[in-house]
Amino acid sequence: MTPRQLEILQHALGVDQYGRGARTRNHFCAGAADEPTCRELVALGLMVTFERSWLPYYNCMVTPAGID
């Protein structure tokens, strides 16, 4: 796992670099710069996509495997 992949997973879950936090969220709306990294995480089974909203982003959430 790359450092950026880990950062995205942590951010999506709302936790800090040590995995600490309330984990009050589970989503990441990737802009153009982060979309390739999120697609990698989806291919690894660590994230899944969900339907795009009116915003033009690649929307993902962390899977149980990604949380582990």
* Enumeration of residues in the range 32-52 that are part of a loop (DSSP other than H, G, I, E, B) and small (Gly, Ala, Ser) -> Ala32, Ala33, Gly45
* Consider Cys29 carefully, then state whether it is open to solvent by less than 30 Å² (accessible area, probe 1.4 Å), of a type outside the set (S, T, N, Q) and assigned to a strand (DSSP E or B). => no
* Hits in the range 9-65 (condition: among the small types (Gly, Ala, Ser), at pLDDT 95 or above and touching a strand residue (DSSP E or B) at 6+ places or on another chain (Cβ under 6 Å)) -> Ala12
* Qualifying positions in the range 10-32 - within 14 Å of the chain's Cα centre (by Cα) and of a type in the set (Ser, Thr, Tyr) -> Thr24
* **Selection count, the range 11-26, where residues are open to solvent by 30 Å² or more (accessible area, probe 1.4 Å) and in contact with a Gly (Cβ under 7 Å, 6 or more places away or on another chain)** => 6
* To do: List every residue pair whose Cβ atoms lie under 8 Å apart, where the two residues are 6 or more positions apart in sequence or sit on different chains, the first residue falls within the range 2-14 and is under 14 Å from Arg39 (Cβ atoms), and the second residue, located anywhere, is among the aromatic types (Phe, Trp, Tyr) and in a loop (DSSP other than H, G, I, E, B).
  => none
* Asked: When you go through (1) part of a loop (DSSP other than H, G, I, E, B); (2) loosely packed, with under 14 Cβ neighbours inside 10 Å one by one for Glu7, which number turns out not to apply?
  -> (1)
* Asked: So, of the residues in the range 36-57 that are more than 10 Å from the chain's Cα centre (by Cα) and closer than 19 Å to Thr2 by Cβ, which turns out to be most open to solvent (accessible area, probe 1.4 Å)?
  -> Leu44
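The values are calculated or read from the model by the stated rules, or taken from the named source; none is laboratory data. None of the values given here were measured: they were computed from a predicted structure. For neighbour counting, all protein chains shown are included, and Cβ atoms are generated from backbone atoms with ideal geometry for every residue, glycine included. Keep in mind that these areas ignore ligands, DNA and RNA; they rest on the heavy atoms of the full protein, side chains included. Shrake-Rupley method; radii C 1.70, N 1.55, O 1.52, S 1.80 Å.
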